[in-house]
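The values are calculated or read from the model by the stated rules, or taken from the named source; none is laboratory data. Since the model is a prediction, treat every value here as computed from it, not as a measurement. Don't worry about glycine lacking a Cβ; one is built from the backbone with ideal geometry, like all the others, and counts go over all protein chains shown. With ligands, DNA and RNA removed, areas are computed over all heavy atoms of the protein, side chains included. Shrake-Rupley method; radii C 1.70, N 1.55, O 1.52, S 1.80 Å.
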Amino acid sequence: MAGLYEVGQLMLEAAKRSDDVRDVVPEPARPVVVNDDAVRTALAQHLSRISGSRTEIVSYGRKSSGFSWITYAFVARSAEGDRKLILRVGPPNGLFAPYSVLPQVYALQALHGSDVPVPALVSSEQDGAEIGFPFFICAHVEGDVPAPWAASELDPDHKRAIARQFVEILASLHRIDPGATPFASLQQGEQRAELRAISGWRASLARPTARYYPLLDWGGRWLHDNCPQLPRRTIVHGDYRIGNFIEHERKITAILDWELTHLGDPHEDLAWAMMPTFNARSRKLYGVLERAEVIDLYQRASGIAVSDKSLAFYEAYALYQAAAIQMCAVRAFEVDRFNDMRLAVMASQMPSIVRAFERALEAAA
């Protein structure tokens, strides 16, 4: 397959890109630090305004989970009583900046009360008039967020029950008619969301501050030119994986992190969920469900026939997207000065991701 990489052309393009940059090193971005105390004060003002009664913020603290939006857990105390809430803020130098609250707001609005459990939406603002950044507030959901790499001590039957719920909820999401929900407005023009996303990741990887990987350059073009026809357009979560839900008493009580949601091919979510990266490097979902069992359960629950060819394409796309996200994380730390040390070490994962991407391309071609 190496002969297909058009090495000479890639090197010419790389040289041209280098000439265009003219060795200009950008000035370091001024770090943007989100002040927790200032956010707390603004949050109290916002909740007091929308509720019409004075609200005090207690038991307030930043949570370490997540690599993109900043998350705070707190209690809103007012004359009506205490409410446990969650605030999520999109910082201007975050992993996927600039942020839009709309995908997450649409998800919480459209899916509330459906077979896809989500936290209840309380408030949101795109311009962040009071807090200073895009944000949304939702209800706190009791339970734990399982980390697949730390779940080895869990009872296998427990994990199996959760894994099956996880697949069944995905099937429920893909059965929803997006035309009857606010998600319909996410469809921009005639171009498919997958193609827009691939173009966006390619542009991100081509930035002068990004490390250059010829395989990702060629592979991005191949993905764009070989995107399969979709069986139906569904709501796609975009980051559907173990670790993005809350579990309480052996039941999934909320699906989290809807910032990448869009309308597209349901194979995308299925491929992303089964990536070994999100399953403690196991080829089994949550380390317990075989691939064939996942596909069979999903097909029966969703009514959507899974195409081996489409799934292979989206498994390659998942690794391409993972590589692009790693590079976005490195940029967020090195260039935009987002102060999260976890982002700094993501570059170390690139060699293994690129090797896996090469194997996935060979399987999909």
message = If I ask for residues that are assigned to a strand (DSSP E or B) and among the hydroxyl-bearing types (Ser, Thr, Tyr), which ones from region 58-70 would you list?
response = SER59, TYR60
task = Look at region 246-298 and say how many of its residues are among the charged types (D, E, K, R) and closer than 18 Å to PHE357 by Cβ.
result = 3
ask   = ALA171 fails exactly one of the following numbered conditions: (1) open to solvent by 20 Å² or more (accessible area, probe 1.4 Å); (2) within 19 Å of ASP265 (Cβ to Cβ); (3) at pLDDT 85 or above. What is the number of that condition?
value = (1)
ask   = Has region 189-201 got at least one residue that is within 22 Å of ALA322 (Cα to Cα), among the basic types (Lys, Arg), open to solvent by 10 Å² or more (accessible area, probe 1.4 Å) and within 17 Å of the chain's Cα centre (by Cα)?
value = yes
remark   = Sole miss for ALA73 among (1) out of contact with any Gly (no Cβ under 8 Å at 6 or more places or on another chain); (2) surrounded by fewer than 21 Cβ atoms within 10 Å (Cβ to Cβ); (3) assigned to a strand (DSSP E or B) is condition (1)
query = Where residues in region 253-275 are of a type in the set (Val, Ile, Thr) and crowded, with 20+ Cβ neighbours inside 10 Å, which of them is modelled with the lowest pLDDT?
reply = THR261
remark   = Filter region 97-107 for residues that are of a type outside the set (A, V, I, L, M) and in a loop (DSSP other than H, G, I, E, B); the one that is surrounded by the most Cβ atoms within 10 Å (Cβ to Cβ) is TYR99
Conditions (1) modelled with pLDDT of 90 or more; (2) part of a helix (DSSP H, G or I); (3) open to solvent by 50 Å² or more (accessible area, probe 1.4 Å); number of the one not met by SER185 = (1)
inquiry  = For region 207-226: of the residues being among the hydrophobic types (A, V, I, L, M, F, W, C) and more than 21 Å from the chain's Cα centre (by Cα), which is nearest to ALA322 (Cα to Cα)?
reply    = LEU215
request  = May I ask you to verify whether ARG250 is within 12 Å of the chain's Cα centre (by Cα), surrounded by fewer than 23 Cβ atoms within 10 Å (Cβ to Cβ) and not β-branched (Val, Ile, Thr)?
outcome  = no
task = May I ask you to list pairs of residues, at least six apart or on different chains, whose Cβ atoms are under 6 Å apart, with the first in region 297-317 being open to solvent by less than 40 Å² (accessible area, probe 1.4 Å) and the second being of a type in the set (S, T, N, Q) and assigned to a helix (DSSP H, G or I)?
result = VAL306/GLN299
ask   = Taking region 108-166, which residues are of a type in the set (S, T, N, Q) and either in a helix (DSSP H, G or I) or open to solvent by less than 40 Å² (accessible area, probe 1.4 Å) (or both)?
value = GLN109, SER123, GLN165
note = Of (1) in contact with a strand residue (DSSP E or B) (Cβ under 6 Å, 6 or more places away or on another chain); (2) under 26 Å from LEU263 (Cα atoms); (3) of a type in the set (Gly, Ala, Ser); (4) free of Cβ contacts under 8 Å to residues at least 40 places away in the same chain, GLY113 fails just (1)
ask   = In region 76-96, which residue that is over 23 Å from CYS328 (Cβ atoms) and in a loop (DSSP other than H, G, I, E, B) is most open to solvent (accessible area, probe 1.4 Å)?
value = GLU80
remark   = Among (1) over 21 Å from VAL330 (Cα atoms); (2) surrounded by fewer than 18 Cβ atoms within 10 Å (Cβ to Cβ); (3) touching a Leu at 6+ places or on another chain (Cβ under 9 Å), PRO231 falls short only on (3)
